[in-house]
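Chemist: Have a look at this one before I ask anything.
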Amino acid sequence: MSAEVLVQVDERVLVVTLNRPAKKNAITASMYGALAAAMTDADRRDDIQAVLLKGAAGNFTSGNDIGMFVDAPDGAHRGSRANDFLLGMTALRKPVVACVCGHAVGIGATVLLHCDYVVASDDARIRFPFVDLGLCPEFASTLLLQHVVGRNKATEWLLLGAPIPAAEAHLAGLVNRVVPVAMVGEEALSVAKRLATKPREALLATRSLIRESTDQLVQARLQREGTVFDALRRSREAQDIFQHFLQREPAMASSRG
Ligand code: COA
């Protein structure tokens, strides 16, 4: 297991931590591989009944490592392992609690739509930056976000891409609970442990019923978004935006977000 993805067991909870603090926990191809393996493991193991997903050092994640989107001279790119995680997460039968603090950008925002309970700290800022990057949203967020927060709010968040404070995300229904930053880890773990002690068959059956009406639509939308995303990713417009981000000066870095 990669040191940039830490996996521990706490009672019946699989605790998965994105651990790349120098890059605000931006997710690389190898991290996606580790995340996919963690989801498969959580699904398979009888001693695990819930997953807790969090980030190290005060941030959830700044999303896909933008370097993964850049086309190499041979026309290849490094981003395809993300798909293994998307499929692993949507196939998982056990509940997932997200512990969100600091930045939750890109897939750090869209993954929340697949979690069962989201605890955010009062400093959390959630952002769907895809259009600004020359991309379209992924992880079936063009379908699920409007189910959760309504079409107008989903359109605003996905097209304008402004950072969403935790309080607004809570009011809209994307976040279940907002707590002070010092309490967020403890609160999220406590929810995961409560889920992990529920009667197992009833818990998994109820969760499956909740998701039944959107499961097939989610799979179809994952594929559709994937096709559009990859065409946009290869466009001149998007490649220029990625290069601009990767080559920016440190002063520009601190003015973003
Ligand atoms: N991919 C690759 N590198 C990233 C990254 C990402 N998604 N997010 C942050 N980093 C890197 C920065 O380039 C910087 O690297 P450096 O120290 O080598 O220059 C380092 O992480 C710290 O980021 P910085 O931008 O200086 O921190 P900040 O606190 O000023 O801003 C963010 C944090 C998350 C607002 C900002 O980094 C950002 O907007 N990142 C891009 C988010 C994004 O668009 N993700 C893609 C989703 S599809």
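The values are calculated or read from the model by the stated rules, or taken from the named source; none is laboratory data. All values reported here derive from a predicted model rather than from experimental measurement. Because the Cβ atoms are built from the backbone with ideal geometry, glycine has one as well, and the counts that use them run over all protein chains shown. What goes into the accessible areas is simple: the full protein's heavy atoms, side chains included, and nothing from ligands, DNA or RNA. Shrake-Rupley method; radii C 1.70, N 1.55, O 1.52, S 1.80 Å.
Chemist: Go through the range 22-41 and give me each residue that's at negative phi, within 16 Å of the ligand (Cβ to nearest atom) and among the charged types (D, E, K, R).
Modeler: Result: 23, single match.
Chemist: Can you work out which of the residues in the range 222-238 that are in contact with an Asp or Glu (Cβ under 7 Å, 6 or more places away or on another chain) and charged (D, E, K, R) is surrounded by the most Cβ atoms within 10 Å (Cβ to Cβ)?
Modeler: Only one residue fits best here, namely 225.
Yes or no, residue by residue, for (1) within 15 Å of the chain's Cα centre (by Cα); (2) polar (S, T, N, Q); (3) open to solvent by less than 40 Å² (accessible area, probe 1.4 Å):
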residue: 22; (1), (2), (3): no, no, no
residue: 39; (1), (2), (3): yes, no, yes
residue: 42; (1), (2), (3): no, no, yes
residue: 45; (1), (2), (3): no, no, no
residue: 50; (1), (2), (3): no, no, yes
residue: 56; (1), (2), (3): yes, no, yes
residue: 64; (1), (2), (3): yes, yes, yes
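Chemist: Among the listed residues 85, 130, 69, 60, identify the single one that is at pLDDT below 95 and not basic (Lys, Arg).
Modeler: Being at pLDDT below 95 and not basic (Lys, Arg) holds for just one of 85, 130, 69, 60, which is 69.
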